[in-house]
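Please read the structure below before turning to the comments.
Just so it is clear, none of the values below were taken in a lab; they were calculated from the coordinates. In this text, all values refer to a predicted model and were calculated from it rather than measured experimentally. Using ideal geometry, Cβ is built from the backbone for each residue, glycine included, and neighbour counts are taken over all protein chains shown.
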Amino acid sequence: MKMIPNDIIAAKNSGKSISENDLHAFIGGYVTGSIDDATMTKFLKAIFDHGMSNDEIYTMVDIMIHSGKRMDFGHINDYVCDKHSIGGVGDKTSLVIAPLLASAGLVLPMMAGRSLGHTGGTLDKLETIPGFNADIPINEFQKLVESNGCGIMAQTSEICPADGKIYALRDVTGTVASVPLIVGSIMSKKIAEGIQGLVLDIKVGSGAFMPNLEKATELAEMLKNVGEYFGVTTDLVYTNMDQPLGRYAGMWCEVQESIDCLQGRGPDDTMAVSLKLASKLMIQSGKAKDEVDSNAILNELIKNGSAYKKFEEIVATQGGDLVSANHEPVYTMDIFAERDGIIQSMDTTQIGWGLVDMGCGRKHKDDNLDSTAGLECHRKIGNEIQEGEKLFTCFCNNEDKLKSGVEKIANAVNIGTESLELPLFYN
Ligand code: URA
């Protein structure tokens, strides 16, 4: 029987489920061009408004995976896994975890993303390293991962092309923030990596996409359900995103801070989150019996230089030249505290948008990024500060963009009198 798109949209809008055949016809039709953008937008809006059942989500993920190629590591003995974060500000943990775990003998075919909304993208940061290439054909990427234990690639047209096309449409039709659509998008790409295990960093707080723990839990549980349904062991770690992670947020400065972490001098919060996430995969793989054991193994790999050596190896294999990566910004501007007190809160989404203004993210698809752009955080929530002391130093290569970013960031901090300590984890 022929599918009638408007009937399916009307059925979803009246609360009915979409059959497997209709989902196939809709998503397949959009990829091949028989369903146009306007019809697909109505379909996405219907899902946005009315959600999807678990069965619909499993079917959608399966269709998206099969719209492209899938990696296959079935012939190797090592544990193949990945880490994914739901997006944050200053979140450079992928750059720490990937080489660290590869130096421990795990295999990570990491598909990383670009900046999204107010959050930074691992790929954008990595591409501040001159020559670094993440657009690698899947066959080549798989070989590279097998020989190095890790590679970091961009989503190409070979992997989940249905997601590539649908995501681009969601981005311009206000349909990104839908739990089933986010789950479909993230998990189809992760499963297409051919992994056995996954750890998800579920960010909660003022800089996260999910506004509160309840909404974050709904998304996280659905991501886990889909992972387990497709045979991928999936662990969840809920982490605080009420302030930027680490001392730096931005472009090259985050790569530099990741190098510090891999060389044993990273900031405490970034190290704690990285080690916690990494421990889940160490335990899944059987390389560690618990978190304490994992931390001992991973700290030793940092101390003896193996973790950083692996980072250098990954970068060099993908054409990157760390020696000539030097990004001195032309302009810097400090933001000072306007009163004495204790930092109570930060509007970290606003800080993220300030960073976007400075060149760390895109408002339009073709916006150019600035490798030198970023900020240094001199104080964190719970820290005392005196009037006139530095809160942030912001930097980039364009004075107007810097001013615009600084204006947003300067208004994002609330100083009060209450003593407080922020938790780093929620589970
Ligand atoms: N990241 C993705 O890859 N897809 C989404 O829908 C949201 C975040």
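At-a-glance table
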quantity: Nearby lysines by direct alpha-carbon distance to Lys401 (threshold 19 angstrom, same-chain neighbours under 8 apart not counted); calculated: Lys125, Lys363, Lys365
quantity: Evaluated at q = 0.09, 0.10, 0.13, 0.15 Å⁻¹: base-10 log I(q)/I(0), Debye formula over Cα of segment 111-265; calculated: -0.32, -0.40, -0.71, -0.97
quantity: Unit charges on C-beta of K, R, D, E only; dipole of segment 5-51, Debye; calculated: 140 debye
quantity: Of all DSSP beta bridges in the chain, antiparallel share, percent nearest 5; calculated: 55 percent
quantity: Within straight-line cross-link reach of Lys403, aspartates and glutamates at Cα separation under 17 Å, skipping those fewer than 8 residues along the same chain; calculated: Asp334, Asp357, Asp370, Glu376
quantity: Shape of segment 331-425, Cα gyration tensor, a/c cut at 1.5; calculated: prolate
quantity: Partner aspartates and glutamates for Lys215 [C-alpha distance under 19 Å; skip if fewer than 8 residues away on the same chain]; calculated: Asp49, Asp201, Asp235, Asp242, Asp347
quantity: Check: the chain dipole with +1 on Lys, Arg Cβ and -1 on Asp, Glu Cβ, in debye; calculated: 660 debye
quantity: The chain: relative contact order as a whole-number percent, Cα under 8 Å and 6+ apart; calculated: 19 percent
quantity: Neighbour net charge for Gly197 - beta-carbon separation under 10 angstrom, K R +1, D E -1; calculated: 0
quantity: Separation in nanometres of the label points that stand 7 Å from Cα toward Cβ, at Glu228 and Asn139; calculated: 3.8 nm
quantity: Between 0 and 90°, nearest 10: helix 138-148 axis offset from the chain longest Cα axis; calculated: 40 degrees
quantity: For segment 1-134: rounded, prolate or oblate by the Cα gyration tensor [a/c cutoff 1.5]; calculated: prolate
quantity: For Leu23, Leu198, Leu391, Leu355, order by how many other beta-carbon atoms lie within 10 Å, fewest first; calculated: Leu23, Leu391, Leu198, Leu355
quantity: Cβ-defined net charge surrounding Leu213, 15 Å radius [Lys, Arg +1; Asp, Glu -1]; calculated: -3
quantity: Beta bridge orientation in segment 81-317: antiparallel %, DSSP, nearest 5; calculated: 5 percent
quantity: Cα-based shape type of segment 90-195, given that a ≥ b ≥ c are square roots of the gyration tensor eigenvalues and the cut on a/c is 1.5; calculated: prolate
quantity: Between segment 61-89 and segment 189-243, the alpha-carbon center distance in angstrom; calculated: 14 Å
quantity: DSSP-assigned coil residues among trypsin sites (Lys or Arg not before Pro) in segment 251-324, each with at most 14 further Cβ atoms within 10 Å; calculated: Arg265, Lys289
